[in-house]
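Below: the structure, in structure tokens.
What follows is calculated from the coordinates using simple rules that are stated; it is not laboratory data. Just so it is clear, the model here is predicted, and its values are computed rather than measured. Methodologically, a virtual Cβ is constructed for each residue, glycine included, from the backbone with ideal geometry; neighbour enumeration extends over all protein chains shown.
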Amino acid sequence: MLAGLTTTASAEVTIAALGDSLTQGYGLAQGDGFVPQLQDWLRDHGAEATVLNAGVSGDTTAGGLSRVAWTLTPDVDAMIVALGGNDLLRGIDPAASRANLEGILKAAREAGVEVLLVGLSAPGNYGPEYKAAFDAMYPDLAQTYGTLYFESFLKGLTDLPDRGTAMRDYMQQDGIHPSAAGVARIVEAMGPAVLDLVERANGSGS
């Protein structure tokens, strides 16, 4: 797929990255956050894409829903939706989070905007029923709305074999937000899925 991208994804695509502090680039220099690193990665892989930072620190799925309408300007061709971490921190009912995400996906569909939905896995401290409901909502909604799906924003870090090394080398001191080097690994892992999003936005995906 990567080899063919230079010919199939020739048009400029504008992607809005709707998310929270992970998307916004909390604690990082302006050029080191997720959005600028992703844009550079896409261009290095032959995609003409502009990535807009629609990340707000502390935002929940409800916050994302409240601002999706003005995020989806006529210039936006595609959207990455990476929300839910702050819902977890607040113990919000997964049914409410699911309804908010569904509202975001409905808005994108009505606007004719392709979506990459980024999932999230709940910890076990809220109980098995909460975890099952929360974890399932992302792939379920992706299937229902025909969006692309990427299992976890932090996959590039959580897939590392040594969690201690990952925390030391790729996270900021708060242990929650990735460092610039951590963001680079996150982008490397998620990048191919975003290339798929670019192709869909150009009408060359399925």
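Observations, loosely collected:
- Charge dipole (Cα centre; +1 on Lys/Arg Cβ, -1 on Asp/Glu Cβ; no other charges) of the chain amounts to roughly 260 debye.
- Stretching the chain fully between residue 67 and residue 144 yields a gain of 25.5 nm (0.36 nm per residue, less the alpha carbon separation).
- Packing order of peptides 192-198, 149-155, highest average first: 192-198, 149-155 (average count of other Cβ atoms within 10 Å over each peptide's residues).
- Summed residue charge, Cβ within 12 Å of residue 102's Cβ, Lys/Arg positive, Asp/Glu negative: +2
- Separation between Cα centres of the range 118-133 and the range 142-177, rounded to whole Å: 15
- Between residue 11 and residue 110, the FRET efficiency from the beta-carbon distance, with R0 = 30 Å, is close to 0.85.
- Length available on full extension from residue 90 to residue 162: 0.36 nm per residue minus the Cα-Cα distance, which gives 23.1 nm.
- The range 46-151, dipole about Cα centre (Lys/Arg Cβ +1, Asp/Glu Cβ -1), debye to the nearest 20: 240
- Along its first, second and third principal axes, ordered by size, the chain spans 47, 38, 27 Å in Cα coordinates.
- Diffusion constant of the range 72-114 at 10 °C, which comes from Stokes-Einstein with the Kirkwood Cα-pair radius and 1.306 mPa s, µm²/s: 139
- The three principal axes of the Cα atoms in the range 94-206 give end-to-end lengths of 43, 36, 20 Å, sorted in falling order.
- Take 109-117, 126-134, 31-39, 168-176 and order them by the average number of nearby Cβ atoms within 10 Å per residue, most first; the result is 31-39, 109-117, 126-134, 168-176.
- The chain: relative contact order in percent, alpha carbon pairs under 8 Å with at least 6 residues between: 24
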